[in-house]
1. Please verify whether segment A:159-179 includes one or more residues that are in contact (Cβ under 8 Å) with a residue 12 or more places away in the chain and within 30 Å of A:P15 (Cα to Cα).
2. Take A:L143 and decide whether it is assigned to a loop (DSSP other than H, G, I, E, B) and either more than 20 Å from A:P436 (Cβ to Cβ) or over 29 Å from the mean Cα position of the chain (by Cα) (or both).
3. Out of A:R554, A:R549, A:R541, report the one residue that is more than 7 Å from RNA strand B (Cβ to nearest atom), open to solvent by less than 40 Å² (accessible area, probe 1.4 Å) and among the basic types (K, R).
4. Taking the condition open to solvent by 70 Å² or more (accessible area, probe 1.4 Å) and at positive phi, does A:D228 pass?
5. I'd like the full set of residues that are open to solvent by 10 Å² or more (accessible area, probe 1.4 Å) and either aromatic (F, W, Y) or more than 10 Å from RNA strand B (Cβ to nearest atom) (or both), limited to segment A:520-535.
6. Filter the strands (runs of 3 or more DSSP E) completely within segment A:351-430 down to those with at least 3 residues that are of a type in the set (A, V, I, L, M) and under 30 Å from A:E455 (Cα atoms).
7. I'm trying to understand the selection: among the residues of segment A:146-189, which are in a strand (DSSP E or B), among the aromatic types (F, W, Y) and farther than 12 Å from A:V438 by Cα?
Amino acid sequence: MRMTKFLVRTLRDDPADADVDSHRLLVRAGYIRKVAAGVYSWLPLGQRVLRKVEQIVRDEMDATGAQELTLPIAQPLELWEKSGRDKTYGPLMFRLEDRKETGFCLAPTAEEVITSTVANELSSYRDLPMNLYQINWKYRDELRPRFGLLRAREFLMKDAYSFHTDVEDLRVTYKEMYDAYHKIFTRCGLTFRPVEGEAGEIGGDINHEFMAVAAVGEDDFVWCKSCDYAANVEVAKRQPAQAMPSENESQQQPTRVHTPDMPGIAAVAQHLGESEDVLLKSFAFDADGEMGLALVPGDREVNEFALARAIAPKKLRVFDDNDFAAHPELPKGYIGPHHPSVAVVVADPSIRADHPWVTGANEVDHHITDMWCDRDFTVGIWADIASIQSGDECPQCGKALSVDRGIEVGQVFEIGTKYSTALGATFVDADGVSHPMVMGCYGVGISRTVAAITEEHHDDKGIAWPASVAPFDVHLVALAGKGAAAEEVRTAADALYRDLRAHGIDVLYDDRDASPGVKFADADLIGIPVQLTVGAKGLARGVVERKLRASGERDDIAADGVVAAIR
RNA sequence: CGGGAAGUGGCGCAGUGGUAGCGCACCCGCUUUGGGAGCGGGGGGUCGGGAGUUCAAGUCUCCCCUUCCCGACCA
């Protein structure tokens, strides 16, 4: 493609409304343009990348035997009423009416339509299993679209739905999808981990979220760089804390100290000259009407999900301002675990440490030092309720864990029979008995993946696409100028352009009458993996110059051997 | 939906009541050509929208719309 004929306009300045790198660079380099909040046009460059990712997904889906189809984006609300999701999705759905005032929505996902389709088409166990997918635009009227393509209101998604006679059969497809996703995101050049999500309310549903590691991600997760362990922060574990019995109790008795106007861990630690991890954090909660405290070291947070599991079946309710007002004996910021009105004490095993604790005195502006676990306060329930931190030991391999943010680029989910029951997708088994089909669903955010790849593959000059998703294979820069060799350079570059294309290589050819600096800067910004420069200097030596965008490596290639060299 | 910020040419911005500007981009001419060139000339703006105050509104008042950030929310 000749740049003089190509719709690509790069911007020298960052767009004012973009503050994450992917958004900023994709706009600056001419891949996308914003049309409304969370709605983007994909310019030709962006379209090419979108198609590349889409094709990788299609390849890997087809390889598993899944079948592609296309489902409507405009969907009758009636279907959503059958599953009850018109209410649960609520304002998240874009809604519209036709001229007869029949309600429609723009598809946020397609369980209802596909299930209803399958209900009409399949009816025997002999038809199952079947896995159907589409690659299509989805719509969610997000409360707050942000971060460019990462949380858009219109986004391209691959959604697959599988139908089975039973859960065992579903698990086979689930594993196939899980493996296919590994291949997809590996081919896309992403650093990612599949993270086991929290079990559904019923407890049986399995799901994994594929998280691309990125500072701008919206979900925290824990992962090990040495093995494949990864988990949502809500369910993450670490090597069990050393439950050290407190045998070294000193003779030092608890001492009340004045800590005026210091309701925070950091201030108290500084005031006493102690480190934060010898302060005891007491986190007040209500468990079905009983007062409870959760104890973790001062440098950790309470994992509320773990705490809820620890006190089950009692229900957790974190203390709010009203609760504190109702319990003046537990002054916020100065709570200690030794108060008689506390019925439930849950502590992380790391509390049973070989040192005394500084705790709140249950009196405003006072703390107590030299509090020993078991001697000065007792614990009812021991549970891993302390938040995981970077550097904690991996529960699988013992190496250091990392807590990072991730972009959810894919998800595999066991649905069960919710939709097949609601929409009548049943099959007849070998004995002639009718059952609802068991379903799974599997999503890949394609437009979001483009953004995630950009987040991982860029530098201060611009994007550096992995070859698998780059809009072109080669960026050919002709430095013709108007000097004596101009015609020669132009002729050589034109010939190289034709030659590369004849060999099936996609080339973006900068044939513009622009200065070298502009062309180099644009090439780095656009981010095609291989840059070839044809200039008078090189031609005089019989070479064109090659630069690899990602590494910056440069070398010379004989002008007559370029195609062979870069294939 | 709460808190904050902002809407002026394609992009980035200045403009505190009196003739709408600057940089980049764009068009023409000349010069220049290995890391975002120089000079000269030129085109392009209902100043987000509406109502109001005023002799006079980009600027002041009110209402609305849009966009961005933080939070809440998020198969």
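The values are calculated or read from the model by the stated rules, or taken from the named source; none is laboratory data. Quick caveat, the model's predicted, so the values are computed rather than measured. Every residue, glycine among them, receives a Cβ derived from its backbone with ideal geometry; neighbour counts consider all protein chains shown. To get the accessible areas, we keep the full protein, side chains included, count just its heavy atoms, and leave off ligands, DNA and RNA. Shrake-Rupley method; radii C 1.70, N 1.55, O 1.52, S 1.80 Å.
1. Within segment A:159-179, not a single residue is in contact (Cβ under 8 Å) with a residue 12 or more places away in the chain and within 30 Å of A:P15 (Cα to Cα).
2. Numbers: assigned to a loop (DSSP other than H, G, I, E, B): yes; either more than 20 Å from A:P436 (Cβ to Cβ) or over 29 Å from the mean Cα position of the chain (by Cα) (or both): yes.
In short, yes.
3. Working: A:R554 fails: open to solvent by less than 40 Å² (accessible area, probe 1.4 Å); A:R541 fails: open to solvent by less than 40 Å² (accessible area, probe 1.4 Å).
Residue meeting the stated conditions: A:R549.
4. No.
5. Within segment A:520-535, A:F520, A:P529, A:V530 qualify.
6. Working: elements: A:357-360, A:366-371, A:401-416, A:426-428.
Ranges flagged: A:401-416.
7. Looking only at segment A:146-189, we keep the residues that are in a strand (DSSP E or B), and these are A:146, A:151, A:154-164.
When the remaining residues are screened for being among the aromatic types (F, W, Y), the result is A:155, A:161, A:163.
Once the filter is applied, which keeps residues that are in a strand (DSSP E or B), among the aromatic types (F, W, Y) and farther than 12 Å from A:V438 by Cα, segment A:146-189 yields only A:F155.
Each row is one residue, and each column tells you yes or no for (1) under 24 Å from A:L7 (Cα atoms); (2) open to solvent by less than 20 Å² (accessible area, probe 1.4 Å); (3) out of contact with any Gly (no Cβ under 6 Å at 6 or more places or on another chain).
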{"residue": "A:S420", "(1), (2), (3)": "no, yes, yes"}
{"residue": "A:A425", "(1), (2), (3)": "no, yes, yes"}
{"residue": "A:V428", "(1), (2), (3)": "no, no, yes"}
{"residue": "A:I446", "(1), (2), (3)": "yes, yes, yes"}
{"residue": "A:I463", "(1), (2), (3)": "yes, yes, no"}
{"residue": "A:F472", "(1), (2), (3)": "yes, yes, yes"}
{"residue": "A:A484", "(1), (2), (3)": "no, no, yes"}
{"residue": "A:L508", "(1), (2), (3)": "yes, yes, yes"}
{"residue": "A:V518", "(1), (2), (3)": "yes, no, yes"}
